[in-house]
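Each remark here refers to the structure printed beneath this line.
The values are calculated or read from the model by the stated rules, or taken from the named source; none is laboratory data. Just so you know, these numbers come straight off a predicted model, no measurement behind them. Cβ coordinates were reconstructed from backbone atoms using ideal geometry, including for glycine residues, and neighbour counts include every protein chain displayed.
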Amino acid sequence: MTVRIGVRKAALGAALAVWAACALGQGFSMQQALDYPFPSQLTAAARGERVAWVFDLRGASNVWVADGPDFAARPVTRYQGDEGMPLASLRLTPDGRTVVYVRGSETNAQGEVADPASSAMRPEQQVWAADVATGTPRLLGTMDCSPEGCEDVELSPDGTNAVWAARGALWIAPVTGRTPARQLAYIRGSNSSPRWSPDGKAVAFVSNRGTHALIGVYRFGATAVQWIAPSVYRDAMPRWSPEGAQLAFIRLAGNGGRGSAPWEIWVWDAASQQAHAAWHSPEGPGGGLPGEWEDGAFLFAAAERIVFAGQQDGWVHLYSVAAEGSAPAQLLTPGNFSIGPEAVTLTDGGRALLYDSNQNDSERRHVWRVPLAGGTPSALSQGAALEWTPVATGDGKFVLCLGSGPTRPAMPFRLGEGERREIASDALPSTYPSAQMVTPQDVVFRSADGLEVHGQLFVPSDHATPRPGLIFTHGGPPRQMMLGFHPMDAYNYMYAANQYLASRGFVVLSVNYRLGIMYGRAFREPAHAGPQGGSEYQDVVAGAKYLQSLSYVNPQRIGLWGGSYGGYLTAMGLARNSDIFKAGVDYAGVHDWTLSMRSRPGASAAALQAAYAASPVATLDQWTSPVLLIQADDDRNVAFEQTVDLARQLDARHLPHEVIVFPDEVHDSLRWQTWLRTLQATAEFFERTLK
């Protein structure tokens with residue numbers, strides 16, 4: 001029998017369930033679990049001791065600032081309402097007096113800005129500025145950009161002008177907002193990634209021409225654009241040297257391939273007008289550009305040294321190379337660990353690096369510092385908490401970061417003298433139920449082929465009798481779930497949901513299956529994974545068997561849930577092992593790999609056959625368990641047809657399923673109410689099907 005639940009009805013049912021639980025003294029509600037501000041985009045002014053970040057609380061995103069030495073936090077902007085209007089590309093002018101940011105989402109394939117509130121008026125993605133002293137926003141211009149090269153506003157070195165990419169062109173406006181934005185110059189192609197020269201007299205950028213991409217330099221007052229070593233390759237990520245005498249960029253194969261495709265670092269000299277290759281990656285495994293890290297870990301530092309992320313030894317590390325290319329690259333972070341995909345920043349006048357990694361603590365991330373000249377990295381944080389996105393104040397006196405704990409959501413922190421101090425404690429509601437949450441355990445188990453897999457186990461405080469178990473699988477798949485609230489907003493909320501599920505008596509195991517990051521290249525790039533065979537699914541089964549081995553888990557009541565790639569693995573579990581998985585919640589999952597492959601040229605019959613065999617729809621005859629399907633219909637990551645196709649096939653087979661659709665929402669939901677409704681419905685579904 002097919003049951004379809006509308007958004008309001010599903011939300012109401014879930015809300016009544018959790019409110020009733022609270023009324024009976026059975027713990028906290030899902031709404032309480034999600035009721036915290038999520039911080040992101042921590043940045044520092046080039047001078048002084050001011051830092052800024054974005055807080056998103058119940059769907060309203062606002063800019064906050066704090067000043068040293070005390071770093072008392074205060075809001076700058078005062079946006080209200082759960083409108084689905086995120087803030088991005090937060091910048092501080094060098095003097096720290098003005099914040100510049102983008103408000104609204106990027107566009108979809110139809111050129112539409114996301115409108116998850118289903119507004120009668122079409123929303124725009126806009127660039128804004130606000131004086132820190134007054135907080136009153138002023139419009140600089142519209143952006144409405146596609147995801148490629150999107151949401152990248154760059155301020156001039158003197159802080160007077162902002163430049164950004166929009167609709168394939170580059171735009172410039174004064175941060176005062178006194179004159180409207182204008183196109184920087186006429187330039188063919190789709191142009192993005194602007195970078196000001198240190199003297200403020202030029203802007204470097206990327207011009208995508210379809211078959212290739214070029215690095216261009218526009219000089220103010222010039223009558224023509226200068227092209228830097230134009231070629232048939234894809235050039236990307238221009239970076240000026242601190243003095244502006246050189247320009248570094250990355251050169252990729254013509255198809256822009258990642259994986260094992262070789263790449264090079266090129267350097268152009270302004271005086272000689274010549275460019276040369278300063279470094280090239282090795283051939284074969286380890287030679288590819290590590291995609292999750294590439295942009296945030298490519299820097300032109302002091303002493304004519306270029307910093308980049310590489311994976312030559314099987315782990316993602318920081319390297320530096322001389323701009324002249326006269327010597328091999330120097331490994332700065334040796335060891336069996338990886339740096340985090342969050343941005344790497346320079347400090348000490350460009351002579352040292354701040355970054356986060358899982359060195360000595362594989363299931364967490366902490367902040368580290370390493371001299372550009374090399375030497376032993378030093379830990380600036382450690383312990384049972386997590387830290388990421390480190391920045392140094394402009395005067396170099398303080399290091400700040402974002403961080404979280406196993407039962408406390410993320411907040412900004414000041415690091416120093418072996419401790420971290422929270423600098424916005426009052427922003428977290430005093431009623432937040434940290435005391436009722438559990439500290440997850442790091443557990444290790446092995447898949448059928450012997451691969452070691454890590455997971456985070458949430459055990460209810462009361463588990464005297466066998467409890468139902470849940471497997472959670474993250475999306476990506478290049479992600480890592482950790483022993484605390486996650487650096488990404490979506491996984492922050494899902495972590496809170498797992499805490500809520502544990503409070504409701506479920507034993508939850510979050511599985512870091514192969515294809516994920518931070519466990520080395522071999523783990524991240526396994527054989528026969530995804531559409532080539534779905535080898536990662538065996539890690540999910542291994543996690544379920546681990547749960548079944550626990551004395552306090554009912555082995556006959558195991559469910560699973562996840563979003564995006566985690567939705568794919570959820571559907572795989574139900575389609576292949578309904579004997580193990582008795583219920584599932586599939587949020588925006590891929591169900592038939594061939595739906596997208598057929599629209600791309602070059603897919604062979606053998607590849608299509610393998611992809612179909614690795615899809616949940618290939619074994620629908622084994623699917624018997626109930627499922628809740630959830631997806632937004634403006635999803636820009638996973639085609640909505642994936643859920644449409646699966647729901648129709650389940651209909652045809654009379655398999656039990658429920659469907660929730662969020663009109664006008666996107667893949668990683670922009671509205672807090674969407675997250676609340678999604679996760680409430682998830683909990684309520686498992687209450688009905690597994691208890």
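Kindly indicate the residue of region 620-649 that is over 22 Å from Met597 (Cα atoms) and polar (S, T, N, Q) and also nearest to the chain's Cα centre (by Cα) among those meeting that condition.
Filtering first and then ranking leaves Ser625.
Looking at the structure I just gave you, is Val163 within 22 Å of Thr107 (Cβ to Cβ), aliphatic (A, V, I, L, M) and at pLDDT 95 or above?
Here the answer is yes, as Val163 does meet what is asked.
(1) in contact (Cβ under 8 Å) with a residue 12 or more places away in the chain; (2) farther than 22 Å from Leu501 by Cα; (3) of a type in the set (A, V, I, L, M): which one isn't true of Leu628, the others all being true?
(2)
Please go through region 285-342 and pick out each residue that is buried (at least 17 other Cβ atoms within 10 Å of the Cβ), touching a His at 6+ places or on another chain (Cβ under 8 Å) and outside any strand (DSSP E or B).
Once the filter is applied, which keeps residues that are buried (at least 17 other Cβ atoms within 10 Å of the Cβ), touching a His at 6+ places or on another chain (Cβ under 8 Å) and outside any strand (DSSP E or B), region 285-342 yields Gln311, Gly325, Leu332, Thr333, Ser338.
Which residues, taken from region 562-603, are in contact (Cβ under 8 Å) with a residue 12 or more places away in the chain, among the acidic types (Asp, Glu) and under 15 Å from Ile471 (Cα atoms)?
Within region 562-603, just Asp586 meets the criteria.
If the requirement is being outside the structural domain of Gln441 (by TED's automatic domain parsing) and in a helix (DSSP H, G or I), which of these qualifies: Thr619, Thr570?
Thr619
For Trp263, indicate whether it is within 22 Å of Arg521 (Cβ to Cβ), in contact with a Ser or Thr (Cβ under 6 Å, 6 or more places away or on another chain) and either surrounded by 15 or more Cβ atoms within 10 Å (Cβ to Cβ) or β-branched (Val, Ile, Thr) (or both).
yes
Which residues, taken from region 238-265, are in a loop (DSSP other than H, G, I, E, B) and modelled with pLDDT of 95 or more?
Listed by number, the residues that qualify are Ser241, Pro242, Glu243, Gly244, Ala245.
Residues that are touching a residue at least 60 places away in the same chain (Cβ under 8 Å) and buried (at least 24 other Cβ atoms within 10 Å of the Cβ), at least 3 per element: which strands (runs of 3 or more DSSP E) completely within region 389-443 meet that?
Answer list for region 389-443: 399-404.
Does Leu372 satisfy the criteria of being in contact (Cβ under 8 Å) with a residue 60 or more places away in the chain and of a type outside the set (Phe, Trp, Tyr)?
When the stated conditions are applied, Leu372 passes them.
Just to verify a result, which residue in region 589-608, among those that are touching a helix residue (DSSP H, G or I) at 6+ places or on another chain (Cβ under 9 Å) and assigned to a helix (DSSP H, G or I), is surrounded by the most Cβ atoms within 10 Å (Cβ to Cβ)?
Thr594
State which residue is farthest from Gly469 (Cα to Cα) when the search covers only region 423-442 and only residues that are touching a helix residue (DSSP H, G or I) at 6+ places or on another chain (Cβ under 7 Å) and among the aliphatic types (A, V, I, L, M).
Met437
Which condition does Gln538 not pass, out of (1) part of a helix (DSSP H, G or I); (2) crowded, with 18+ Cβ neighbours inside 10 Å, if it passes all the others?
Checking Gln538 against (1) part of a helix (DSSP H, G or I); (2) crowded, with 18+ Cβ neighbours inside 10 Å, the one that fails is (2).
Are any residues in region 447-479 under 25 Å from Ser357 (Cβ atoms), in a loop (DSSP other than H, G, I, E, B) and touching a residue at least 40 places away in the same chain (Cβ under 8 Å), and if so, which ones?
Leu451, His474, Gly475, Gly476, Pro477, Pro478
I'd like the full set of residues that are of a type in the set (Asp, Glu), within 19 Å of the chain's Cα centre (by Cα) and farther than 15 Å from Ser118 by Cβ, limited to region 650-672.
Listed by number, the list holds a single entry, Asp668.
Could you list, in sequence order, the residues of region 86-128 that are among the small types (Gly, Ala, Ser), over 23 Å from the mean Cα position of the chain (by Cα) and surrounded by 21 or more Cβ atoms within 10 Å (Cβ to Cβ)?
Matches in region 86-128: Gly96 only.
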